[in-house]
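Taking it in order: structure first as structure tokens, then the write-up.
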Amino acid sequence: MTSPHTNPFDPYYRAINTIAPADKMQDLGEFPRILDVELTNTCNFHCLMCPVGTNVQVRKKGVMSEEVFASVLDQAAQHATPLRFILWGEPTLHPRWLDWMETAVKRGLLVHFNTNGSRISEADMRRLVDVGVQSMKFSFQGVDAKSYHEMRNTDYFEELMAKVRQLYDIRGAAPYPFIHVSTTITYEGPELVASFRERVSRFTDKVTVGRTELERFDISKAKLSEAERAALRHMKGEEQLVRKHPKCPEIFDKLSVYWDGRVSACCRDFDGVMVVGDVRKTPLKEIWKAEKLAFFREHLVKGEYDRFELCKVCWDYHGLQTPGLQGL
């Protein structure tokens, strides 16, 4: 089924994914194309594939302050830079999440957020539509209740399906939000994937299925029960991830702002090992042009992934830069 709704972020994503890194290096903009904003690095789920859910993340937990958000918003507005409320944590846990998204939309910015869907109420859905938040992604795991529970550690698959359908019905013919359903798998085969796609495509605008990637953190450091640890080891043995490095969009297109105002070069940096600045001390425009980011760009444009801790185990797990990579 083809959705009549279009994602206003698509031109940005096309630029990120199709322009060669070497060309970006030669024509680096004055400001990132997109800002990823972490409202909180806490989550109400306990997912086995996530460094937050497994308590591998040692970075201090908290929620973004009014001061930090106002600074990010003002700087983004100066450059008409879209905001994505993603990174590490469930954004709807922040008490001001919807207020701030509404503020950003009213400032003329494109807004996107990812969510596990568990805390969004019917009232929230109606407000999202009324405000005109342009894009959102419901994050699943697996493609049925069994595979969802194995990684998410909770029975919420059918409830999440119902939430997606409810928002789709509430939105109706309104232009926004664009509704994206995303999931990753380990052992699930083409038939299960096809069944999931067919079912969810009836009430969403886009479906993406990739491979679960379990190399981003050390399983031995996870704070898990013995049963959970055994399940995670089993799933790691089942994973079918194709280990191909993506053409990194992070250092040429985006900056990631943590809840406390620190800025990382990488959206996958859950513990701040690639921090390049702090919005409380330095304007984002200066961080974007500073030597720390230039150093990362200099080496990654040459494909020197093994030089950096995170980059050497960064794989194109969704195949978004390389369509069809994961055979799905």
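Before moving on, here are some points about what is shown:
- Any hit, segment 67-76, residues being out of contact with any strand residue (DSSP E or B) (no Cβ under 7 Å at 6 or more places or on another chain) and of a type in the set (Ser, Thr, Tyr): yes
- Residue list for segment 286-301, restricted to those being closer than 12 Å to Phe31 by Cα and open to solvent by 90 Å² or more (accessible area, probe 1.4 Å): Glu286, Lys289
- Filtered by the rule that a residue be in a helix (DSSP H, G or I) and open to solvent by 30 Å² or more (accessible area, probe 1.4 Å), segment 81-93 gives a lone residue, Leu93.
- Across segment 314-327, not a single residue is classified as of a type outside the set (Ser, Thr, Tyr), crowded, with 17+ Cβ neighbours inside 10 Å, at pLDDT 85 or above and touching a strand residue (DSSP E or B) at 6+ places or on another chain (Cβ under 9 Å).
- Checked against (1) of a type outside the set (Val, Ile, Thr); (2) over 18 Å from the mean Cα position of the chain (by Cα); (3) within 17 Å of Lys206 (Cβ to Cβ), Leu110 passes all but condition (2).
- Here Thr204 passes the criteria (1) open to solvent by 50 Å² or more (accessible area, probe 1.4 Å); (2) at pLDDT 85 or above except the one numbered (1).
The values are calculated or read from the model by the stated rules, or taken from the named source; none is laboratory data. Source: prediction; values computed, not measured. FYI the Cβ positions are ideal-geometry reconstructions off the backbone, even for glycines, and counts take in every protein chain you see. Each accessible area value is taken on the protein alone, full model and side chains, heavy atoms only, with ligands, DNA and RNA left out. Shrake-Rupley method; radii C 1.70, N 1.55, O 1.52, S 1.80 Å.
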